[in-house]
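Encoded as structure tokens, the structure appears first; notes follow it.
The values are calculated or read from the model by the stated rules, or taken from the named source; none is laboratory data. This is a predicted model, so every value here is computed, not measured. Backbone-built Cβ (ideal geometry, glycine too); neighbour counts: all protein chains shown. What goes into the accessible areas is simple: the full protein's heavy atoms, side chains included, and nothing from ligands, DNA or RNA. Shrake-Rupley method; radii C 1.70, N 1.55, O 1.52, S 1.80 Å.
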Amino acid sequence: MWSEARADALREAFVATGLTYAADTAQRVAPLVDAYAGAWAASRRASCEAHRRGQQSDALFDLSMACLDRRRAGLVALTDLLVHADAALVDRAIEATLGLPPVTACTDATALTTETRVPDEPTLARGVAAERLRLAEAEVLLGAGRFTAAAEAAGATLARAEALGFSPLVAESALVLGTTELEQTRGEAAERALTTALRRGIEGRADRTAAEAVARRLYVRGVQLGRDEAAGSDEELVIAHVGRFPADGRLQWLAYNNRGTRMHMRQEVAAARSLYEQALAHTQGPTPLELARTRVNLGSLAAEARDYAAALASYSAALAEATAALGPGHPLVQQILVYEAKALQSLGRHALARARIEQALQHVAPAGQATPAAMWPFIRLSDLERRRGARAKAAELASRALALAQDDLLGTINAETMLAEALDDPIAAQEHYAAALARCEASFGERHMITASFQRHAAAGLLRLGQASEAQAWIRRSLATCEALDPSAAVTAESRRVASDIALALGQHEEALASARASLALLAALPGDRALDVAAARRSLGRALLAAGRDDEASEALRAALESMAPRLDADDPDLAGARVELARALLADEASRAPEARALLEPAIATYRVLGATFAGQREAAERLLADP
């Protein structure tokens, strides 16, 4: 079953894949397998001794041995895969091993007698036991990411279970098949199989199987199929069925996480946050990687609400868990690093964000040879390069990300948007914005906050390219969706700010002022550290006030913006330089006597533009003219 020779074979197979993290992964997997094999042997010995001493009935002993046989079948199936591992299996090896069902259940009298139904008729019982061994092997294939083989094995077991006519086995087989289809995002097939698992589980009193089936079906209906009404009808079923197993930490985690994901999709932030937090409270049962994924969900929820400090805390905790389990070189760790980098970037900590992305790229694009996992690092790095004015580099990175995106919907939309934002050609940029928005509307619908967010990106990008009228059409579509779905959301506040800048460019001063003030009012009512969002809105208000000739008020707004930005942004940040120039211009317009204060602002701004290079030559020259002729 497991030996030093097989451990050596595992290490050789892993290293032969050529993956940079393969040896480290092998060093982590082998002890996990060894511990599981040791626990299996100890449990078998304990059960035999208890039966021999008369402390365990014959019936309970038979159930224990059958359970241990299933665990052994799963372990053998996994080690058979591991000693012939390819690159895909190396990626999933630790997760597959951590996901093996616990051996402790095989010595738990309550679990044995209530969770695994056994037929009374001996011939049928032997047939059911044989199929459960095959099903244990199918579960290992599922955990190892061998989805086609897992679906075939589970489907075959399901057909034989139907022929045997034993409902609990039908439910167990349908659950494995449904979970396999779920993992492949084949929603319709997953829903059918999970519905069978739920119905036959209830019929056969396989209550634990029925509970897991409905918890997974809720996710399929609400997230994969977008059938929220059907998912809502599953909500009470999940609460009732899963509630019968309060001590089953993994089942409780699964239910809370999936319910949270549904609320996340519905953009019910408070409800989603509460459910994710309840999922994380169940630390016994789910694997560290399952908990890490919930933390990523919680971080994404906070990021979407623009609470980037909370997002960073969740991502950092997820990164620590994933790194401890998988090692620093694993692709999942690099993925979480990119999430952390995005939060850092949104908090104005761009140098740290760049360091995180470059750390990830060392693993997912070694020596410049990009793997598919390099897509998101390229997207994030493209955004950072664009902000510093390196548009050619930004466009190159976005193009590489787009080439890697393949069937990744959000990856494709983000890469397309980053490419548009890096371009200086208005026509080419509009084509990429249009392609990204077409994908948004096809996948999420025209009236969805994700679509509204990308419409805002397109509007801001077109404004930069001097296409203010076209930009206003896009921002009005974005705001119409925001006002209809969630007028108090952070996305709405950001769209209001962009609307202010566009109105100002079109000479619509009153609309510019009203939009900037509306953005500030929304931000003031939202939770979390929104200092940089507020600063951006104050800059928009300051520019609008300055254009309206209200110089003193403009100076006040721009000074407040700069005071928020200075302690948060890197010293050479171009936005910080821009804020200094704007305040200097307002001060000089207000009173000539304020020239010394304006000079104190312009000099560091000019120094920053010099460091940033030729891309910011226009901004530097404008600041130098202000300094020379205040």
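Set the Förster radius R0 to 41 Å, insert the Cβ-Cβ distance between Asp24 and Glu203 as r into 1/(1 + (r/R0)^6), and round the FRET efficiency to 0.05.
0.30
Please identify the DSSP H helices in the chain that span no less than 30 Å along the helix axis (Cα) and have a mean Kyte-Doolittle hydropathy of -1.0 or more. Could you put the intermediate results ahead of the total?
On the way: long enough: 22-52 (45 Å, -0.23); 58-82 (36 Å, 0.63); 122-143 (32 Å, 0.42).
Span-like helices, by this rule, are 22-52, 58-82, 122-143.
Among Leu526, Ala398, Ala210, whose Cα sits farthest toward the positive end of the charge dipole of the chain (+1 at Cβ of Lys/Arg, -1 at Cβ of Asp/Glu, about the Cα centre)?
It is Ala210, whose Cα lies furthest towards the positive end.
If you average 1/r over all unlike Cα pairs in region 486-630 and invert the result, what Kirkwood radius do you get in angstrom? Each step should come with its number before you reach the end.
Values: mean 1/r = 0.0646 Å⁻¹.
One decimal place: 15.5 Å for the Kirkwood radius.
List the Cys residues of the chain that have no partner Cys with a C-beta closer than 4.7 Å.
Those would be Cys48, Cys440, Cys482, since no other cysteine Cβ in the chain comes under 4.7 Å of theirs.
Using a Förster distance of 22 angstrom, determine the FRET efficiency expected from the C-beta separation of Gln369 and Thr148, and round it to 0.05.
Calculated value: 0.20.
What does a probe at Ala16 reach in region 83-102, counting residues whose amide N is under 18 Å from the point 7 Å along Cα→Cβ?
What the label zone holds, given the 18 Å backbone N cut-off, is 83-93.
Quantify, in whole percent, the carbon and sulfur part of the accessible surface of the chain (1.4 Å probe; protein heavy atoms only).
53 percent
What's the magnitude of the charge dipole for the chain around its Cα centre, counting Lys and Arg as +1 and Asp and Glu as -1 at the beta-carbon? Answer in Debye, nearest 20.
The dipole of the chain has a size of about 540 debye.
Please label the shape of region 380-472 as rounded, prolate or oblate, based on the square roots a ≥ b ≥ c of the eigenvalues of the alpha-carbon gyration tensor (a/c under 1.5 means rounded; beyond that, a/b larger than b/c means prolate, else oblate).
Since a/c reaches 1.5 but b/c is at least a/b, the shape of region 380-472 is classed as oblate.
May I ask you to derive the FRET efficiency for Arg599 and Ser399 from their Cβ-Cβ distance with R0 = 30 Å, giving the value to the nearest 0.05? Can you show the working numbers first?
Working: r = 42 Å, r/R0 = 1.42.
With R0 = 30 Å, the Cβ-Cβ based efficiency is 0.10.
Any idea what the dipole of region 205-293 comes to, in debye rounded to 20, about its Cα centre with Lys/Arg Cβ at +1 and Asp/Glu Cβ at -1?
On the way: 13 positive and 11 negative charges, 37 e Å.
The dipole magnitude comes to about 180 debye.
So, with +1 on the Cβ of K and R and -1 on the Cβ of D and E, and no other charges, what is the size of the charge dipole of region 265-306 about its Cα centre, to the nearest 20 debye?
For this selection, approximately 80 debye.
Choose one of Val83, Tyr308, Ala438: the residue whose Cα lies farthest towards the positive end of the charge dipole of the chain (beta-carbon charges +1 Lys, Arg; -1 Asp, Glu; about the Cα centre).
Ranked along the dipole, the leading option is Val83.
Convert 4 °C to kelvin, take the viscosity as 1.567 mPa s, use the Kirkwood radius over C-alpha pairs of region 238-284 as Rh, and evaluate the Stokes-Einstein diffusion coefficient in µm²/s, rounded to a whole number.
My calculation gives 123 µm²/s for D.
Taking the alpha carbon gyration tensor of the chain, what are the square roots of 5 times its eigenvalues, largest first, to the nearest whole Å?
Gyration-tensor ellipsoid for the chain: 56, 26, 20 Å.
Between Ser555, Ile475, Phe454, whose Cα lies farthest towards the positive end of the dipole of region 404-555 when Lys and Arg beta carbons carry +1 and Asp and Glu beta carbons carry -1, centred on the Cα centre?
Ser555
Could you compute Rg(Cα) / (2.2 N^0.38 Å) for region 20-88, with N its residue count?
1.46
Provide, as a two-decimal number, the C-alpha radius of gyration of region 227-353 over 2.2 N^0.38 Å, N being how many residues it has.
Its radius of gyration relative to the 2.2 N^0.38 Å reference: 1.11.
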